[in-house]
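Participant: Questions regarding the structure given below will be posed in turn.
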Amino acid sequence: MDAASRLSQLRAQAGRIQQTPLAKLIADDAARAQDFALRVGPIYANFARQHYDREALAALFALAQSVDAPARLKALFDGEKINLTEGRSVLHTSLRSDLSDAPVAKAAHAQALDARKQMRALVDSLAKSEITDIVSVGIGGSDLGPRLAVDALSGPKPGRFRVHFLSNVDGHAAQRVLAGLDPARTAAVLISKTFGTQETLLNGAILRDWLGGTERLYAVSANVERAAQAFSIPAERILPMWDWVGGRYSLWSAVGFPIALAIGMDAFEQMLDGAAEMDAHVLKTPVEKNLAVWHALTSVWNRNGLGYSTHAVLPYDERLKLLSNYLQQLVMESLGKSVRTDGSPVDVETVPVWWGGAGTDTQHSFFQALHQGTSIVPADFIGVVRADAPYPQNHRALHANLLAQTEAFANGQSSDDPHRAYAGGRPTTTLLLDALTPYSFGALLALYEHSVYLQSLVWGINAFDQFGVELGKQVASRLLPALEGKAQADDPVTRALLEQLRG
Ligand code: F6P
């Protein structure tokens, strides 16, 4: 049976067990608490609270085989041009692993090592300077990964630099970031794969003017000439990236320069090593024991089998509170497609809306709807075993809440009073990191990257382009003259709004 038929049969497969309470599925198969769990290095994952059974899982694994998941993972690592709509290789794995003998992957790995050397030298020279603050200017993939990593991995003690992030084109963002900084002790890193992104060019110009010149400007780009030309940055202060690294997969490259400045180059490389362990696992492990395959198939099951249209990511660790922002781009920019790679329409639903926030704050905001709302929201709960804060009582409470929520979501609780009844049947996956370190963090992010690719294989879509974001950019550039009073808008509603905006 081909992949399309297997995919379309997931509904029927789900129909077989959808009315069976999740709590009963678990009670009837006590071994699933162990059998539906996997460990890869510092990550333990438990899928036992997903609303599937062994028969459904077998159908899902057959689906993964029918899209040749193992061979197509190898194609990614080998640098085959799997980004077909743009004719590019997708080699973010070569930034951290050396698992392929393909010449293109080897060459990419060598380039990555050279860039890392250059990056280490820049980190060292900045460390010897008077600079105390770094402003990282970039947006999307040139911002979200570094921003998350710096927030997650900077310890409580001040590092060598304070690292700030400026992404939004809204001038209030620049105003806020620059307030309180001293231009004489600040350096800026302009990060843009293309160096054609409006937000980064405008904010870069603000930084150049505020710094009073280009002396303390650094850049990261795949378009080194453009970076050099637009901001007169000399080559030795420009770190390279390449068209074989997608923006949202780029924190492992020199895009991670702000991470290295915040936590040190050695810690940055530990993050790459953690990702490399996940790479090796995903590439070499059969689908039934492969964590990324389990994760991806679970997402497909919830979307195409059970029909759920959103997915929450709920880290129970304050340090990971930006994870959902990062994953929104990784997952939704990659999988938010409705045509297959060959241009034909996808005939099943693709990406759900990803959203979330850190527990326990979220329990006091939107969890009411997750427990008793009419929409079921599958979720990834992410916990960290080892506490690094000196408040053990709080950490135990945090863990108690994590355990309590996933149990309550799954099992619910009956009551004669409908207002106090909990239906349960809310599926969750629990991911536990031994500790939050650069290594485990790298492994976690690599897991999500591979899961995204595997989901794209099932849906037959290209996870590595993002044409959907282009139209808005084009219309905005057409409308800029209208805001400057030099042109009129064609669209009547835009015209009415423009009148208001022009005051
Ligand atoms: O949002 C669209 C996008 O192209 C992302 O894919 C990318 O991460 C971001 O813009 C920034 O692009 P660049 O790094 O080229 O400035």
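Participant: So which GluC sites (Glu not before Pro) in segment 400-503 are both in a DSSP loop and have at most 13 other Cβ atoms within 10 Å of their Cβ?
Facilitator: Numbers: sites: 407, 449, 470, 484, 499; in loops: 484.
Passing both the DSSP loop test and the Cβ count: 484.
Participant: Starting from 0.36 nm per residue, how many nanometres of slack lie between residue 23 and residue 470 once their C-alpha separation is accounted for?
Facilitator: Details: separation 447, 0.36 × 447 = 160.92 nm, distance 4.52 nm.
In short, 156.4 nm is gained.
Participant: Any idea how many Lys pairs in segment 92-266 come in under 21 angstrom at the alpha carbon, given 8 or more places apart or on separate chains?
Facilitator: On the way: 106/117; 117/128; 117/193; 128/157.
Here the count comes out as 4.
Participant: Kindly state, to the nearest 0.05, the FRET efficiency for residue 266 paired with residue 85, given R0 = 35 Å and r defined as their beta-carbon distance.
Facilitator: Numbers: r = 38 Å, r/R0 = 1.09.
That pair, residue 266 with residue 85, gives E of 0.40.
Participant: May I ask you to list the residues of segment 55-99 whose amide nitrogen lies under 18 Å from a point 7 Å from Cα along the Cα→beta-carbon direction of residue 288?
Facilitator: Counting only backbone N, you get 55-71.
Participant: May I ask you to list the residues of segment 354-368 whose amide nitrogen lies under 19 Å from a point 7 Å from Cα along the Cα→beta-carbon direction of residue 419?
Facilitator: It comes to 367-368, nothing else.
Participant: Rounded if a/c is under 1.5, else prolate if a/b beats b/c, else oblate: with a ≥ b ≥ c from the C-alpha gyration tensor eigenvalues square-rooted, which is segment 349-482?
Facilitator: Working: a/c = 1.95, a/b = 1.44, b/c = 1.35.
Taking the square roots of the gyration eigenvalues as a ≥ b ≥ c, segment 349-482 is prolate.
Participant: Please state, rounded to one decimal and in Å, the Kirkwood hydrodynamic radius that segment 223-311 gives when every pair of distinct Cα atoms enters the mean of 1/r. Let's see the in-between values first.
Facilitator: Numbers: mean 1/r = 0.0609 Å⁻¹.
It works out to 16.4 Å.
Participant: For segment 270-357, which GluC sites (Glu not before Pro) are both in a DSSP coil and crowded by at most 14 other Cβ atoms within 10 Å? The partial results should precede the final answer.
Facilitator: Numbers: sites: 277, 288, 318, 333, 349; in loops: 349.
Counting only loop positions with at most 14 other Cβ atoms within 10 Å, the GluC sites (Glu not before Pro) in segment 270-357 are 349.
Participant: Setting aside same-chain residues fewer than 8 positions from residue 289, which lysines have a Cα under 25 Å from its Cα?
Facilitator: Qualifying lysines at Cα under 25 Å: 24, 74.
Participant: At 0.36 nm per residue, and after removing the present C-alpha to C-alpha distance, how many nm does the segment from residue 494 to residue 310 gain when stretched out fully? List each step's numbers first, then the result.
Facilitator: Details: separation 184, 0.36 × 184 = 66.24 nm, distance 3.08 nm.
Going from the current span to full extension adds 63.2 nm.
Participant: Test of understanding: what is the full-extension gain from residue 435 to residue 386, defined as 0.36 nm times their sequence separation minus their Cα-Cα distance?
Facilitator: Details: separation 49, 0.36 × 49 = 17.64 nm, distance 0.49 nm.
So the chain would gain 17.2 nm between residue 435 and residue 386.
Participant: Let me ask something additional. Using just the Cα positions, wrap segment 1-139 in a convex hull and report its mean projected area in square nanometres, one decimal place. Present the calculation step by step, with values, prior to reporting the outcome.
Facilitator: On the way: hull surface 56.4 nm².
Mean shadow area of the hull around the Cα atoms is 14.1 nm².
Participant: Here's a follow-up. In nm, to one decimal, how far is the modelled label at residue 54 from the one at residue 487, with both set 7 Å along Cα→Cβ?
Facilitator: 6.5 nm
Participant: Ok, one more. If the viscosity is 1.306 mPa s and the temperature 10 °C, what translational diffusion coefficient in µm²/s does Stokes-Einstein give for segment 44-92 when Rh comes from Kirkwood over Cα pairs?
Facilitator: Value of D from the Cα-based Kirkwood radius: 122 µm²/s.
Participant: Something else about it: Could you work out how far the C-alpha centroid of segment 460-498 sits from that of segment 1-58, in angstrom?
Facilitator: Going from one Cα centre to the other spans 44 Å.
Participant: Return, for the Cα atoms of segment 92-266, the radius of gyration and Dmax in Å, separated by a comma.
Facilitator: Both quantities, over Cα of segment 92-266: 15.3, 50 Å.
Participant: Say a paramagnetic label sat at a point 7 Å from the Cα of residue 37, along Cα to Cβ; which residues of segment 351-387 have their backbone N under 14 Å from it?
Facilitator: 383, 385
Participant: In nm, to one decimal, how far is the residue 160 label point from the residue 8 one, both placed 7 Å along Cα→Cβ?
Facilitator: 5.9 nm
Participant: Follow-up question, since we're still on this one. Can you give the percent of C-alpha pairs in the chain whose distance is more than 33 Å? Please report the intermediate quantities before stating the final value.
Facilitator: Values: 53494 of 126253 pairs.
The calculated P(r) of the chain puts 42 percent of pairs beyond 33 Å.
Participant: As I understand it, the value is the acute angle between the Cα axis of helix 492-501 and the longest principal axis of the Cα atoms of the chain; what does it come to in degrees, rounded to 10?
Facilitator: It is inclined by approximately 60 degrees.
Participant: Taking the Cα centre of the chain as the origin, how large is its charge dipole in debye, to the nearest 20, when only Lys and Arg (+1) and Asp and Glu (-1) carry charge on their Cβ atoms?
Facilitator: Working: 46 positive and 52 negative charges, 57 e Å.
With Lys and Arg at +1 and Asp and Glu at -1, about 280 debye.
Read-outs throughout are calculated quantities, based only on the coordinates presented, and are distinct from any laboratory measurement. Here the structure is a predicted model, which is why all the values come from computation and not from measurement. Cβ: placed from backbone, ideal geometry, glycine included. Neighbour counts: every protein chain shown.
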